[in-house]
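Let me give you the structure first, and then I'll get to my questions.
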There are 4 protein chains.
Amino acid sequence: MSFDESNNWGRWGSEDERGALNLLTPEAVVAAARCVRDGRVISLSLPIRGATSSPAPATVPHLRGRPLPQHFMSIDGGDYAAGTRPIGAGLKMADDALIVTPHGTTTHLDALCHMWSGDALYNGHPADRVRSYGAGRCGIDKAGPVVARGVLVDVPRLRGVPHLAAGDRVEPDDLEGAGLRPGDVAVIRTGWPLVWRAEGPDAYWAGQPGLSARAGRALAALDVSVVAADNAAIGGLNGRQLADEGPDDDLHLILLWRHGVHLAEMLWLEELADALDGTGRDDFLFVAAPLKIEGGTASPIDPIAVL
Amino acid sequence: MSFDESNNWGRWGSEDERGALNLLTPEAVVAAARCVRDGRVISLSLPIRGATSSPAPATVPHLRGRPLPQHFMSIDGGDYAAGTRPIGAGLKMADDALIVTPHGTTTHLDALCHMWSGDALYNGHPADRVRSYGAGRCGIDKAGPVVARGVLVDVPRLRGVPHLAAGDRVEPDDLEGAGLRPGDVAVIRTGWPLVWRAEGPDAYWAGQPGLSARAGRALAALDVSVVAADNAAIGGLNGRQLADEGPDDDLHLILLWRHGVHLAEMLWLEELADALDGTGRDDFLFVAAPLKIEGGTASPIDPIAVL
Amino acid sequence: MSFDESNNWGRWGSEDERGALNLLTPEAVVAAARCVRDGRVISLSLPIRGATSSPAPATVPHLRGRPLPQHFMSIDGGDYAAGTRPIGAGLKMADDALIVTPHGTTTHLDALCHMWSGDALYNGHPADRVRSYGAGRCGIDKAGPVVARGVLVDVPRLRGVPHLAAGDRVEPDDLEGAGLRPGDVAVIRTGWPLVWRAEGPDAYWAGQPGLSARAGRALAALDVSVVAADNAAIGGLNGRQLADEGPDDDLHLILLWRHGVHLAEMLWLEELADALDGTGRDDFLFVAAPLKIEGGTASPIDPIAVL
Amino acid sequence: MSFDESNNWGRWGSEDERGALNLLTPEAVVAAARCVRDGRVISLSLPIRGATSSPAPATVPHLRGRPLPQHFMSIDGGDYAAGTRPIGAGLKMADDALIVTPHGTTTHLDALCHMWSGDALYNGHPADRVRSYGAGRCGIDKAGPVVARGVLVDVPRLRGVPHLAAGDRVEPDDLEGAGLRPGDVAVIRTGWPLVWRAEGPDAYWAGQPGLSARAGRALAALDVSVVAADNAAIGGLNGRQLADEGPDDDLHLILLWRHGVHLAEMLWLEELADALDGTGRDDFLFVAAPLKIEGGTASPIDPIAVL
């Protein structure tokens, strides 16, 4: 009944389950590393806030109704203050545990098994191999690290607004000046997390801006390896937190399912946008290394931009 | 009673809680990126195997008695095979959750709050700020991404053995030819995970090779930013899975606590060792981006080497 | 560093950590059993709804901001429908896991360590023994099963209303006709869960009816063993889900802390109330057996009334 | 995609999903209550030991390879010792969370959906309704509380041994003198947990005594409502922790699947056996109230005997 008890720890990924990450050739990686000029490293993730002794977990942007992260200490400084004896001649330690459901709650990379239509995943892999004990095909353990040239598409700045509105859609025109090349990570800024910060959860949940289907097709045609965005679902959402597009135009089906383009969602792009603003550059080394969760549908990540 | 409900998502790390990661200056980052020559990307992590419907989680190297990862699907392909209706006109999805306790169970980066002696953490931060709702000082959220030059110290190959024995200790001599510079990540291979694979858990638990205290001091003196190793505790372990050293010589106290050198443990270094063997090079771009778990004592990571 | 590795599985409870449960003498238990006349068994708990693939967990009454139950299958019928092979000659199985934080999320019994003031728990036990690895004093494992005469105090019916309003408080007068005797479980119905069902979460969260401090003192004076109610905190709550009383009048401090009266919260009493209505009886055999969670601050329970 | 968002909290169980629990008629409940003579209450459960800061969880009897309970405090006395401010004018609290997988790790009641053969659960309910988001048929939420006459079958005492040996099987002869009647809970003592205590895990895991298939059929023919035992699987286990019987003779298939007899496993019966020894009585009021985990395959329970 087991999922995978092999000792193939060295093996990681099979070509036909990596999708567009196959575009990350050695040549592309070398070129991406050459994007490092200033040496500034910027984290692109939201915090994972799991202190359940208070409503703190609910204060970070998330989709309504999702199970929020839970973080627990199994031993900590408070215990020593209360009288717990150190180990041996004086060693003290803190230890902890994390419960996390990445989709809709934190910055994460989708596995190719996350969404599909019909009976087959991306590339024809059978969907019935995605079972309770993990995805036997196209799990996040098959993805491998993303080391690529990243390009920021700062849509609010292009349009001269602080952030897109819930009903706004990123269109192919917005992507045109970005100079995206095959293998690049398209990093799409909508600015929507600013709404959470400034106006609170209800405003954030009233809908979300995102890519239009046409923009999704344009990115697929450009052969990007990953689409990363600061909204929750790449495409836009309505007030019930659902996509309005039908299957032909659903962004996950276009990018993840039909073209094997991995999706990174819920990034925090404000620092990156500020750093690039006015510099005339929009590219950088992008690195994201998903945890090798066997059969996982996603991994929480801290994607980084190295300028 | 809350831990941190601020909206400071952009802020990451405070200088006095980052320890040796402050060595990762922009200049060092630029130099590290220049180590990329071949464009080959190698993952340095063990898998996270959490399918609890079988004993699979117990088949990956771990310290005896630790709570192993648990991975659950909340909806999957099996459900659709059983009759679950797709969303709307045909969308299907898989969703999941992960429970993980990094220390002793998987590849991870230690936060500076993980170990201490007396009443103060690294740099004098009060240990009583490490509480049930997270470490208010020196948590893993304060670390920030590691982007540095990595140097492999392949001790078994230096000594002409397939792997070190449980009682072996890495000594300063082993480090001498490595050309370590300030800010580098010292990646120490003992080969011990091969024992799990070849001989099983009991052999792995019979003890572990690791750094001697003198080697730990040498690394601290070299101003490395991180020490990363494929054993479970940087230092060696006896058959009860404890360190034999007293507080003066304990590797965590020397490196993590006294010098603020972050520790990455339980790496899988076999592929990297094979890739570098015979090439005359031992350095590469090392990247590890811990999840921004607020108040965490560690984060699971997939560290990568870019050759 | 361990909490309790003894083999004292037979031992359960120590007299000075059981509080008012010491009133459950053999004689009281025999008398309670004699309350059984009709043989009807009524469950007094809310469901534990943990299917996180949808917002289902949020549809059961709970305090806003609390971590909701999570229930996962590690193998199920969907997996077999998708092709998982049975064990041996045909055995199939379903297996699961539950994550639960009882306070504020489901029907539960509070341990005596749940609330206190100053440095001591109930009966002078040191509060600093309540640590990250469990409560070394007054944990729910010390409580033991509750087998007692239960008496329903159906306050809405006494007052001729369908349910109390958020600002209403149960007063000593309401308790007077109930015929409560030492050792009884006082089961207090406010009807507040009906508000969740009829008007939704926001109405439920706008405040809660509950016992006044005077009523709490009256119950303590009557030497009841347990106070069980269908609201979330025995006492009333304001719109911020907090009690308005100061320490002298806080219901948890009066009952749980000063008098060792265990509290059962978030019961579902509608069926019981209907069954007793018009019968002229208000007593029954009450049984609640908390899980022996070592060092726990509470246990989820399904309390039962046997009429 | 949701499992059950109805508001039917009052509804509990449907007759055709309750199996032999339908034998618990009001008359049977009244008769069971009359078994209470001494008023002594005995808990029949193992502790739930989840302090993961040490190997404590592994010190309680369990099947090898199962995910053990994890118990965490989200705030505790140590935090206040370390400086956490009380709420308002002095209120302090402890709060916690539990992760539990009942089968093979603690005292629990199996749901009728736990095991089956072919495509149908007990009573023909479709097995493909048992999905990742819970069992839509025959879940533990359908069971309802067990209030019945319990009868201890103390097999070691009948045979004059301290406990059965791993290879021993309980036979119909052992049951004959017990006076079991329809609706009773047959409580079978093997004494096997004593082996864990006296000889340790390896001895406990070397196999387990249990019911023979013939004894299982005899109990089904007697129309008992529940079979409760102190071993891990009702039937015996071999050294690989598997049953040797084929599908016809598998105890779960005979009792749970074919006859709808709920199974309670991993009880701690030593105190009960001592209490009844030499008294000439073997019956008592048995109560077990599973948590109403929607779609659960089992619930942890603290079953009680009231003598």
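Within segment C:35-48, how many residues are more than 7 Å from every other protein chain (Cβ to nearest Cβ), surrounded by fewer than 24 Cβ atoms within 10 Å (Cβ to Cβ) and among the aliphatic types (A, V, I, L, M)?
1
Which of the residues that make up segment C:234-244 are in a loop (DSSP other than H, G, I, E, B), farther than 21 Å from residue C:157 by Cα and among the aliphatic types (A, V, I, L, M)?
Matches in segment C:234-244: C:242, C:243.
Identify the residue in segment B:11-34 that is touching a Gly at 6+ places or on another chain (Cβ under 8 Å) and not in a helix (DSSP H, G or I) and, among all such residues, is surrounded by the fewest Cβ atoms within 10 Å (Cβ to Cβ).
This residue is B:25.
Here is a further query. Among the residues of segment D:165-197, write down those that are of a type in the set (D, E, K, R) and within 19 Å of residue D:283 (Cα to Cα).
D:173, D:174, D:176, D:181, D:184, D:189
So that you can scan it fast, the table gives a plain yes or no per residue for (1) in contact (Cβ under 8 Å) with a residue 60 or more places away in the chain; (2) touching a His at 6+ places or on another chain (Cβ under 6 Å):
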position	(1), (2)
A:23	yes, no
A:47	no, no
A:53	no, no
A:61	yes, no
A:89	no, no
A:98	no, yes
A:102	yes, yes
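Filter segment B:291-307 down to the residues that are assigned to a loop (DSSP other than H, G, I, E, B) and either in contact with a Cys (Cβ under 9 Å, 6 or more places away or on another chain) or without any contact (Cβ under 8 Å) to a residue 60 or more places away in the chain (or both) and list them by number.
Result: B:295, B:296, B:297, B:307.
Continuing with this model, one more query. Any residue at all in segment D:259-267 that is surrounded by fewer than 23 Cβ atoms within 10 Å (Cβ to Cβ), within 10 Å of chain C (Cβ to nearest Cβ) and in contact (Cβ under 8 Å) with a residue 24 or more places away in the chain?
Checked segment D:259-267: no residue is surrounded by fewer than 23 Cβ atoms within 10 Å (Cβ to Cβ), within 10 Å of chain C (Cβ to nearest Cβ) and in contact (Cβ under 8 Å) with a residue 24 or more places away in the chain.
Say we look at segment D:154-183 and pick out the residues that are of a type in the set (Asp, Glu) and closer than 20 Å to residue D:232 by Cα; which of these is nearest to the chain's Cα centre (by Cα)?
D:154
Kindly check whether there is at least one residue in segment C:175-183 that is out of contact with any helix residue (DSSP H, G or I) (no Cβ under 8 Å at 6 or more places or on another chain) and either surrounded by 24 or more Cβ atoms within 10 Å (Cβ to Cβ) or among the basic types (Lys, Arg) (or both).
Among the residues of segment C:175-183, at least one is out of contact with any helix residue (DSSP H, G or I) (no Cβ under 8 Å at 6 or more places or on another chain) and either surrounded by 24 or more Cβ atoms within 10 Å (Cβ to Cβ) or among the basic types (Lys, Arg) (or both), which makes the answer yes.
Here's a follow-up. Limited to segment C:50-85, what total is found for residues that are charged (D, E, K, R) and touching a strand residue (DSSP E or B) at 6+ places or on another chain (Cβ under 8 Å)?
The qualifying residues number 2.
Here's a follow-up. From (1) outside any loop (DSSP other than H, G, I, E, B); (2) among the aliphatic types (A, V, I, L, M); (3) over 30 Å from residue B:59 (Cβ atoms); (4) in contact with a strand residue (DSSP E or B) (Cβ under 7 Å, 6 or more places away or on another chain), pick out the condition that doesn't hold for residue D:97.
Failed condition: (3).
While we're here: Can you pull out every residue in segment D:295-307 that is within 7 Å of chain C (Cβ to nearest Cβ) and either surrounded by fewer than 24 Cβ atoms within 10 Å (Cβ to Cβ) or over 22 Å from residue D:252 (Cβ atoms) (or both)?
Result: D:302, D:304, D:306.
Quick one: count up the residues across segment B:233-248 that are of a type in the set (Val, Ile, Thr) and more than 17 Å from residue B:164 (Cβ to Cβ).
Here the count works out to 0.
Which one of A:272, A:285 is more than 14 Å from the chain's Cα centre (by Cα), within 7 Å of another protein chain (Cβ to nearest Cβ), buried (at least 24 other Cβ atoms within 10 Å of the Cβ) and more than 27 Å from residue B:99 (Cα to Cα)?
Going through A:272, A:285 in turn, just one is more than 14 Å from the chain's Cα centre (by Cα), within 7 Å of another protein chain (Cβ to nearest Cβ), buried (at least 24 other Cβ atoms within 10 Å of the Cβ) and more than 27 Å from residue B:99 (Cα to Cα): A:285.
When only residues in segment A:114-145 that are basic (Lys, Arg) and surrounded by 24 or more Cβ atoms within 10 Å (Cβ to Cβ) count, which is farthest from the other protein chains (Cβ to nearest Cβ)?
A:142
List the pairs whose first member sits in segment D:224-252 and is under 14 Å from residue D:208 (Cα atoms) and within 13 Å of chain C (Cβ to nearest Cβ), whose second member is part of a strand (DSSP E or B) and among the small types (Gly, Ala, Ser), and whose Cβ atoms are under 6 Å apart, counting only residues at least 6 apart or on separate chains?
Partner pairs satisfying both residue conditions: D:235/D:210; D:243/D:235; D:251/D:235.
Which of the residues spanning segment D:214-226 are out of contact with any strand residue (DSSP E or B) (no Cβ under 6 Å at 6 or more places or on another chain) and either assigned to a loop (DSSP other than H, G, I, E, B) or not assigned by TED's automatic domain parsing to the domain that holds residue D:298 (or both)?
D:222, D:223 - these are the residues of segment D:214-226 that are out of contact with any strand residue (DSSP E or B) (no Cβ under 6 Å at 6 or more places or on another chain) and either assigned to a loop (DSSP other than H, G, I, E, B) or not assigned by TED's automatic domain parsing to the domain that holds residue D:298 (or both).
Evaluate the following for residue A:283: is it within 25 Å of residue A:306 (Cβ to Cβ) and at pLDDT 95 or above?
yes
If I ask for residues that are more than 7 Å from chain A (Cβ to nearest Cβ) and within 30 Å of residue A:23 (Cα to Cα), which ones from segment B:13-27 would you list?
Once the filter is applied, which keeps residues that are more than 7 Å from chain A (Cβ to nearest Cβ) and within 30 Å of residue A:23 (Cα to Cα), segment B:13-27 yields only B:24.
Moving on. Would you check which residues across segment B:49-104 are within 12 Å of chain C (Cβ to nearest Cβ), surrounded by 23 or more Cβ atoms within 10 Å (Cβ to Cβ) and within 16 Å of residue D:69 (Cα to Cα) and list them?
B:50, B:51, B:52, B:53, B:57, B:70, B:71, B:72, B:99
The values are calculated or read from the model by the stated rules, or taken from the named source; none is laboratory data. Since this is a predicted model, take the numbers as computed values, not measurements. Positions of Cβ are backbone-derived with ideal geometry, glycine not excepted, and every protein chain shown enters the neighbour counts.
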